[in-house]
Amino acid sequence: MRILRIRRFNIQRCAKIYATLEINGHLIARKFFSSKNASSYDSIVRFTTFYKDSAWKKEMVRFIGGKNKIILDLACGTGILSTFIPNGTANSKIIGSDLTFDYLRLAKKRQSYVLLTNSLAEFLPYKDNSFDVIISSYLAKYTNLAAMVKEHWRVLRKDGIIIVHDFTYPNSNLVRILWHVYFHILNQLGKVITSWQEVFSNLDKLIQLNPWVNNLVRELDMIGFRSISRNYYTHGTAAIVRAIK
Ligand SMILES: C[S@@+](CC[C@H](N)C(=O)[O-])C[C@H]1O[C@@H](n2cnc3c(N)ncnc32)[C@H](O)[C@@H]1O
């Protein structure tokens, strides 16, 4: 596939509009992700999820199904997800989008995208009815879900699907104890791996404070999505929400 240049959209203007919205998750994301940790992201996500990241992404890709899809990989980061979409998945075209330019630079090297845009999930620089699939991994907790769902609805074609994956706070008390121990260790690790300190010390709070699954399902339902489903994985520490326009 031919790689196009990374398009920079007017992210400053979008950010100003965004500031008027209630949740400023993208400001947290800006602190978390930058040039200082872009090159180590792939290894960090693999090790810190005990390789579950690959299993979750394979599951997301399984949900895509069909052929000749135009797929938007929203908050694509360094583009790991695109590597799970086999070239053949059937002549699909993948467009990647993310707010962190230094992550997009690495995504570009993977050569799996036909277009990469430096943009916010809440203000997508695409025409109405452009995509068959919108897929995102680890974005939900950083976004204003109402604004994101509105944009999903606008840029998705009729019968298009959305697949949203992120971490969740487990329900079981036993798993919660282990979860907190794990994040305590991660917090300590952040003192050594300083480029990840900000993330390792705050990710647990972000996950706990953000019941994104219920909020997303509510927003999807309100705007008119159908066949909304949610699946939990790895003892309730991650979830995938799907819906059809
Ligand atoms: C943990 S990384 C995940 C990257 C990739 N999806 C993956 O699974 O490896 C989170 C990404 O979300 C992006 N991001 C966070 N909030 C965003 C927003 N509001 N709009 C666009 N991208 C956002 C960050 O820049 C970062 O690259």
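Filter the range 118-150 for residues that are more than 10 Å from the ligand (Cβ to nearest atom) and not hydrophobic (A, V, I, L, M, F, W, C); which is nearest to LYS57 (Cα to Cα)?
Just the residues of the range 118-150 that are more than 10 Å from the ligand (Cβ to nearest atom), to begin with: 125-134, 145-146, 149-150.
Next cut, not hydrophobic (A, V, I, L, M, F, W, C) only: 125-130, 132, 150.
Working: PRO125: 25, TYR126: 24, LYS127: 27, ASP128: 27, ASN129: 25, SER130: 23, ASP132: 18, LYS150: 24 Å.
Residue satisfying both the conditions and the ranking: ASP132.
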Might you let me know whether the range 144-155 holds any residue that is assigned to a loop (DSSP other than H, G, I, E, B), buried (at least 21 other Cβ atoms within 10 Å of the Cβ) and of a type outside the set (Val, Ile, Thr)?
no
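Name the single residue that is surrounded by the fewest Cβ atoms within 10 Å (Cβ to Cβ) among those in the range 62-82 being outside any loop (DSSP other than H, G, I, E, B) and either away from the ligand (no atom under 15 Å from the Cβ) or of a type in the set (Ser, Thr, Tyr) (or both). So that I can check it myself, show each step before the final result.
As a first pass, look at the range 62-82 and keep what is outside any loop (DSSP other than H, G, I, E, B): 62, 70-74, 80-82.
Next, only the ones that are either away from the ligand (no atom under 15 Å from the Cβ) or of a type in the set (Ser, Thr, Tyr) (or both) stay: 62, 70, 82.
Values: ARG62: 10, ILE70: 17, SER82: 21.
Looking at residues that are outside any loop (DSSP other than H, G, I, E, B) and either away from the ligand (no atom under 15 Å from the Cβ) or of a type in the set (Ser, Thr, Tyr) (or both), I get ARG62.
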Could you tell me which numbered condition TYR103 fails, if it satisfies all but one of (1) farther than 30 Å from LEU186 by Cα; (2) within 15 Å of the ligand (Cβ to nearest atom); (3) aromatic (Phe, Trp, Tyr)?
(1)
Can you list residue pairs whose Cβ atoms sit under 9 Å apart, with the first residue in the range 125-151 being under 26 Å from VAL45 (Cα atoms) and the second being more than 13 Å from the ligand (Cβ to nearest atom) and hydroxyl-bearing (Ser, Thr, Tyr)? Count only pairs 6 or more apart in sequence or on different chains.
VAL133/SER92
From the list TYR126, TYR142, TYR138, TYR113, pick out the single residue that is in contact with a strand residue (DSSP E or B) (Cβ under 8 Å, 6 or more places away or on another chain) and at pLDDT below 95.
TYR113
Contacts under 9 angstrom Cβ, first residue in the range 168-195 being basic (Lys, Arg), partner assigned to a loop (DSSP other than H, G, I, E, B), 6 or more apart:
ARG176/TYR169; ARG176/PRO170
Just for helices (runs of 4 or more DSSP H) wholly inside the range 1-49: which have at least 3 residues that are at pLDDT below 95 and surrounded by 12 or more Cβ atoms within 10 Å (Cβ to Cβ)?
11-19, 25-32
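The values are calculated or read from the model by the stated rules, or taken from the named source; none is laboratory data. What you see is a predicted model, and the numbers here were worked out from it, not measured in a lab. We place every Cβ from the backbone using ideal geometry, glycine too, and count neighbours over all the protein chains shown.
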